[in-house]
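Participant: Can you keep this structure in mind? I'll have questions shortly.
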């Protein structure tokens, strides 16, 4: 029997999907980095293209030195893009988009820019060095503004894996002077809003068995170790941090019922997201509702459609 | 059922539909007329001819009105043999040739016949001795009465200077207050209600209310008696042979699933009117097909209603949250130029999962200032009931957001608004990256040299070099190249077709 399967069937022409250049635009985050990255991947094709069309592009040709500079620019910008992607999620389990990750992210990028400044100094790459300085000062400007709110530090302290140890470690050099003010502001935040929960609990008197006379043994034990109100804040912050990463932050806190005021403190501050990317996602989705043929939709029905869309997906 | 005689008595007011011809249009109108003579048809078995006299103030017109087999009156303006003179409604009035001035009231002068050979003037049917004269009475015009503590007088219809007279004046009388006959807008008194001894008065700044009254109470519109409205789609009756019992719960499930699909797939709401879709549903479930909504407007109402219901569920979920409710908001302008404020809340729900949920996408009217945004924010927060449990605000670094947070906190009596204002990390990183690439926040290459005038010379030179490097350095040139390549499909194709010769690259 002759097999109908000949090798011709298997050697059909396979077409490879080619990559194309992407252009940056003003509104999309990290678009310039993505554009440069794609151009570097397509470098051979671009070079060949530029050779062919040299007359039409005239002033805009790229030399080898230019390509090297583009490599450096991509190296500087890469962590920005990575951090953005890492933290733009919804943080359902308490990571990848939660507010406690903000301070470490910015500090990591500042450190990265410091390294880049050393590597590409003023004499060898003057323009890049100046640009790095500008980026650094902009980042530093907003980093200082974060000081206005103790929420960022509080959230990081409330992460059982980091507590105060993160600050003690990463702020021990040039930021040491900010350590105590930060601790005080977080403590104040706790005292203002959460201490009363601890006090309310402390005042709960465990009803003693009224029927019996006070037990001789119980009285002796009470004399030795009187039950005092625990400073829950100190109890937590001075406790040992957990070393193995726990991937469900909120469930860990749900188990800490012996420190209810810290529990509430943690629920309130660890549920804050790092970015307002969700609103951007909503707007992007709403664009699809208002298509060319549905241009006359009014605001009332647009709100109903988009909200319903989101609520149905969230199973509400 | 054919009638031998039109079942009204001579002298009674009837309302045949007659054709009115004007410069702009022709239409049928119910015109009060006095039935003069009842006669049998000489033309066909389908209709009867009766003789009527149109009741008008300054002109008398006689004609023939035709009653059809189903009893509806139709006006005829064709000639009729024998009988009375044709129904001529094209007598001219002062301003518009071929326009009919139709009025409602009757005065003694025009009951006298204008053409000879007509039948005798009927006497108005005896009215039970009551205070309200009938619309056909002589005493009707000029009659004064009190209604809701206002004195009204019935007047002749004032002529219109420019526009045509509305058809409502054929169905009702003009009322004015005796003290101010000229200055005010007249009111309209429904003739039919009046003849039934009821008083129905409406203002006439627009004719909507009288028209609605006539449609609802008397089932009359400009073309005469209203027929039952036809359905939106014409359905052939043959599908009705198959009948199955469909339970209410399965219909509800069907409708909910349909709505869910329409919303999640971004379908047009009028998709239920699409014939191919209907054919598909009919094929799958003939019984359920009967219950498929026929109009996109119904779907719209259902969606709005479901929205309100689900909103209550969201409010309950928020009430059961374990954490404070944090809020982020931003402004956006849609493709159809509406400004929206999008509000998303973040909280820890009762199952200890972090949620980010859209709660409102409302149109912001007025300026885009922080204060204006705060009004809308406070309204939304109170609507969803978490003003006591509001946590932090996360928004981008635009200055108006600072004010929005500040004013919102003031309205809700929250101390320390600065502490509550958190900044979107992505936006901060973006600003920093832009500062690296472009030196400014706009992300463009425009660098205003004039702003550097106050700096020292070396610094200025350094910054100018930098500006030049940005625009004409590798980043700027790469941007230009890519823009050039992407501009036309031909160039895109040329880029993809370029043969990569590695040898030539190394050499050249």
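Participant: Give me a count of the residues in region B:389-421 that are in contact (Cβ under 8 Å) with a residue 60 or more places away in the chain and at the interface with chain A (Cβ under 7 Å from one of its Cβ atoms).
Facilitator: Qualifying residue count for the region: 5.
Participant: For region A:270-286, indicate whether the set of residues that are surrounded by fewer than 17 Cβ atoms within 10 Å (Cβ to Cβ), at the interface with chain B (Cβ under 7 Å from one of its Cβ atoms) and within 15 Å of residue B:337 (Cα to Cα) is non-empty.
Facilitator: Looking for residues that are surrounded by fewer than 17 Cβ atoms within 10 Å (Cβ to Cβ), at the interface with chain B (Cβ under 7 Å from one of its Cβ atoms) and within 15 Å of residue B:337 (Cα to Cα), one finds none in region A:270-286, hence no.
Participant: Yes or no: residue A:149 modelled with pLDDT of 90 or more and in contact with a helix residue (DSSP H, G or I) (Cβ under 7 Å, 6 or more places away or on another chain)? First the steps, then the outcome.
Facilitator: Details: modelled with pLDDT of 90 or more: yes; in contact with a helix residue (DSSP H, G or I) (Cβ under 7 Å, 6 or more places away or on another chain): yes.
In short, yes.
Participant: Sticking with this one: Check whether at least one residue in region A:80-88 is touching a residue at least 12 places away in the same chain (Cβ under 8 Å), crowded, with 18+ Cβ neighbours inside 10 Å and more than 7 Å from every other protein chain (Cβ to nearest Cβ), and report yes or no.
Facilitator: yes
Participant: Give the number of residues within region A:46-61 that are more than 7 Å from chain B (Cβ to nearest Cβ) and modelled with pLDDT under 80.
Facilitator: Qualifying residue count, region A:46-61: 3.
Participant: Now for a separate question. Could you grab me the full set of residues in region B:371-386 that are within 13 Å of chain A (Cβ to nearest Cβ) and surrounded by fewer than 16 Cβ atoms within 10 Å (Cβ to Cβ)?
Facilitator: B:383
Participant: Quick check, is residue A:43 more than 7 Å from chain B (Cβ to nearest Cβ), in contact with a strand residue (DSSP E or B) (Cβ under 8 Å, 6 or more places away or on another chain) and at pLDDT 80 or above?
Facilitator: Values: more than 7 Å from chain B (Cβ to nearest Cβ): yes; in contact with a strand residue (DSSP E or B) (Cβ under 8 Å, 6 or more places away or on another chain): no; at pLDDT 80 or above: yes.
Spelling it out, it is not the case that residue A:43 is more than 7 Å from chain B (Cβ to nearest Cβ), in contact with a strand residue (DSSP E or B) (Cβ under 8 Å, 6 or more places away or on another chain) and at pLDDT 80 or above.
Participant: If you don't mind, there's one more thing I want to ask. List the number of the failed condition for residue A:25; all other conditions in (1) more than 9 Å from chain B (Cβ to nearest Cβ); (2) surrounded by fewer than 18 Cβ atoms within 10 Å (Cβ to Cβ); (3) within 24 Å of the chain's Cα centre (by Cα) hold.
Facilitator: (1)
Participant: On the given criteria, is residue B:337 more than 11 Å from every other protein chain (Cβ to nearest Cβ) and either more than 27 Å from residue B:412 (Cβ to Cβ) or modelled with pLDDT of 95 or more (or both)? Reasoning before the result, please.
Facilitator: On the way: more than 11 Å from every other protein chain (Cβ to nearest Cβ): no; either more than 27 Å from residue B:412 (Cβ to Cβ) or modelled with pLDDT of 95 or more (or both): yes.
In short, no.
Participant: Of the numbered conditions (1) at pLDDT 85 or above; (2) more than 8 Å from chain B (Cβ to nearest Cβ), residue A:35 fails exactly one; give the number of that condition.
Facilitator: (2)
Participant: Can I ask one more? For the list (1) buried (at least 16 other Cβ atoms within 10 Å of the Cβ); (2) more than 8 Å from chain B (Cβ to nearest Cβ), I need the number of the one condition that residue A:98 fails.
Facilitator: (2)
Participant: Please indicate, with yes or no, whether at least one residue in region B:361-368 is crowded, with 19+ Cβ neighbours inside 10 Å, in contact with a helix residue (DSSP H, G or I) (Cβ under 6 Å, 6 or more places away or on another chain) and within 20 Å of residue A:275 (Cβ to Cβ).
Facilitator: yes
Participant: May I pose another question? On the given criteria, is residue A:156 modelled with pLDDT of 90 or more and buried (at least 18 other Cβ atoms within 10 Å of the Cβ)? Reasoning before the result, please.
Facilitator: Details: modelled with pLDDT of 90 or more: yes; buried (at least 18 other Cβ atoms within 10 Å of the Cβ): yes.
It is true that residue A:156 is modelled with pLDDT of 90 or more and buried (at least 18 other Cβ atoms within 10 Å of the Cβ).
Participant: Of the numbered conditions (1) touching a residue at least 60 places away in the same chain (Cβ under 8 Å); (2) under 15 Å from residue B:392 (Cα atoms); (3) more than 7 Å from chain A (Cβ to nearest Cβ), residue B:326 fails exactly one; give the number of that condition.
Facilitator: (3)
Participant: Which ones in region B:387-408 are buried (at least 20 other Cβ atoms within 10 Å of the Cβ) and either under 34 Å from the mean Cα position of the chain (by Cα) or assigned to a helix (DSSP H, G or I) (or both)?
Facilitator: Answer for region B:387-408, where residues must be buried (at least 20 other Cβ atoms within 10 Å of the Cβ) and either under 34 Å from the mean Cα position of the chain (by Cα) or assigned to a helix (DSSP H, G or I) (or both): B:401, B:404, B:405, B:407, B:408.
Participant: On to the next question. Which of the residues spanning region B:340-354 are facing another protein chain (nearest Cβ under 7 Å) and free of Cβ contacts under 8 Å to residues at least 24 places away in the same chain?
Facilitator: B:342, B:344, B:353, B:354
Participant: What single numbered condition from (1) under 28 Å from residue A:246 (Cβ atoms); (2) surrounded by 17 or more Cβ atoms within 10 Å (Cβ to Cβ) fails to hold for residue A:142?
Facilitator: Single failed check for residue A:142: (1).
Participant: On the given criteria, is residue A:173 assigned to a helix (DSSP H, G or I) and away from chain B (no Cβ under 12 Å)? Before you say what the answer is, go through the steps one by one.
Facilitator: Working: assigned to a helix (DSSP H, G or I): no; away from chain B (no Cβ under 12 Å): yes.
No.
Participant: Still on this model: State all residues of region B:275-314 that are surrounded by fewer than 15 Cβ atoms within 10 Å (Cβ to Cβ) and within 13 Å of another protein chain (Cβ to nearest Cβ); if no residue qualifies, say none.
Facilitator: B:297, B:301, B:305, B:308, B:309, B:312, B:313
Participant: Within region A:52-66, which residues are closer than 11 Å to residue B:477 by Cβ and assigned to a helix (DSSP H, G or I)? Quick ask: steps written out before the conclusion?
Facilitator: The initial filter retains those residues of region A:52-66 that are closer than 11 Å to residue B:477 by Cβ, namely A:57-63, A:66.
Those that are closer than 11 Å to residue B:477 by Cβ and assigned to a helix (DSSP H, G or I): A:57, A:58, A:59, A:60, A:66.
Participant: Would you say residue A:31 is out of contact with any helix residue (DSSP H, G or I) (no Cβ under 9 Å at 6 or more places or on another chain), crowded, with 17+ Cβ neighbours inside 10 Å and without any contact (Cβ under 8 Å) to a residue 24 or more places away in the chain? Step through it out loud before you land on a result.
Facilitator: On the way: out of contact with any helix residue (DSSP H, G or I) (no Cβ under 9 Å at 6 or more places or on another chain): yes; crowded, with 17+ Cβ neighbours inside 10 Å: yes; without any contact (Cβ under 8 Å) to a residue 24 or more places away in the chain: yes.
Yes: the conditions hold for residue A:31.
Participant: Separate question: Given the residues A:258, A:269, which is the only one that is at pLDDT 90 or above and within 30 Å of residue A:100 (Cβ to Cβ)? So that I can check it myself, show each step before the final result.
Facilitator: On the way: A:258 fails: at pLDDT 90 or above.
Answer to the selection: A:269.
Participant: Among the numbered criteria (1) touching a strand residue (DSSP E or B) at 6+ places or on another chain (Cβ under 8 Å); (2) farther than 23 Å from residue A:277 by Cα, which single criterion is violated by residue B:380?
Facilitator: Looking at each condition in turn, residue B:380 falls short on (2).
Participant: Which one of the conditions (1) more than 7 Å from every other protein chain (Cβ to nearest Cβ); (2) within 25 Å of the chain's Cα centre (by Cα); (3) modelled with pLDDT under 90 does residue A:251 fail to meet, given that it meets all the rest?
Facilitator: In the conditions (1) more than 7 Å from every other protein chain (Cβ to nearest Cβ); (2) within 25 Å of the chain's Cα centre (by Cα); (3) modelled with pLDDT under 90, residue A:251 misses (1) alone.
Participant: In addition: In region A:288-316, how many are at the interface with chain B (Cβ under 7 Å from one of its Cβ atoms) and under 18 Å from residue B:357 (Cα atoms)?
Facilitator: The number of residues fulfilling the criteria is 13.
The values are calculated or read from the model by the stated rules, or taken from the named source; none is laboratory data. Source: prediction; values computed, not measured. FYI the Cβ positions are ideal-geometry reconstructions off the backbone, even for glycines, and counts take in every protein chain you see.
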